[in-house]
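A short write-up of the structure that comes next.
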Amino acid sequence: QVQLVESGGGLVQPGGSLTLSCVASESISGRAAVGWYRQAPGKQREFVARITRIDNRAYADSVKGRFTISEDNAKNTWYLQMNNLMPEDTAVYYCFTTISIQNYWGQGTQVTVSS
């Protein structure tokens, strides 16, 4: 059972930046994809970004041009660089990986954008 641990969340002012990290407990070399979702209070969890095994990257329209996903396979880690953060980006961010059609999730990390 793969375990994922996120880090890097926190409180940031509008226009600021944060980088989230997600570390897997074992090799993810066989993964179909890694990425991020988020869930704001009172809302459903929504897709943010992902990278597939063949390095195909996708982003939600709401974060395009501001967020960048990347990965370091040697460290079983992937990242979400978030720039020009806005109050509507406030949410719990969850990393995920898909291995053999099974999805694995982290416990979530809170990102709060507020002045």
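The values are calculated or read from the model by the stated rules, or taken from the named source; none is laboratory data. Keep in mind the model is a prediction, meaning the values are calculated, not measured. Please note: Cβ atoms are built from the backbone with ideal geometry, for glycine as well, and neighbour counts cover all protein chains shown. Remember, those area values only see protein heavy atoms, side chains included, never the ligands or the DNA or RNA. Shrake-Rupley method; radii C 1.70, N 1.55, O 1.52, S 1.80 Å.
Could you count how many residues in region 6-52 are surrounded by 15 or more Cβ atoms within 10 Å (Cβ to Cβ), over 15 Å from the mean Cα position of the chain (by Cα) and within 16 Å of residue 104 (Cβ to Cβ)?
The qualifying residues number 3.
Which of the residues spanning region 100-115 are closer than 20 Å to residue 33 by Cα, modelled with pLDDT of 95 or more and surrounded by fewer than 17 Cβ atoms within 10 Å (Cβ to Cβ)?
105, 107
When you look at residue 112, is it in a strand (DSSP E or B), over 14 Å from residue 4 (Cβ atoms), over 13 Å from the mean Cα position of the chain (by Cα) and not charged (D, E, K, R), yes or no?
Considered against the rule, which asks whether it is in a strand (DSSP E or B), over 14 Å from residue 4 (Cβ atoms), over 13 Å from the mean Cα position of the chain (by Cα) and not charged (D, E, K, R), residue 112 comes out as yes.
Which of the residues belonging to region 63-78 are open to solvent by less than 60 Å² (accessible area, probe 1.4 Å) and either within 10 Å of the chain's Cα centre (by Cα) or not β-branched (Val, Ile, Thr) (or both)?
Answer for region 63-78, where residues must be open to solvent by less than 60 Å² (accessible area, probe 1.4 Å) and either within 10 Å of the chain's Cα centre (by Cα) or not β-branched (Val, Ile, Thr) (or both): 66, 67, 69, 70, 71, 72, 76, 78.
Scan the strands (runs of 3 or more DSSP E) fully inside region 1-74 and keep the ones with 3 or more residues being within 18 Å of residue 113 (Cβ to Cβ), out of contact with any helix residue (DSSP H, G or I) (no Cβ under 6 Å at 6 or more places or on another chain) and in contact (Cβ under 8 Å) with a residue 40 or more places away in the chain.
The qualifying strands (runs of 3 or more DSSP E) are 10-12, 18-24, 33-39.
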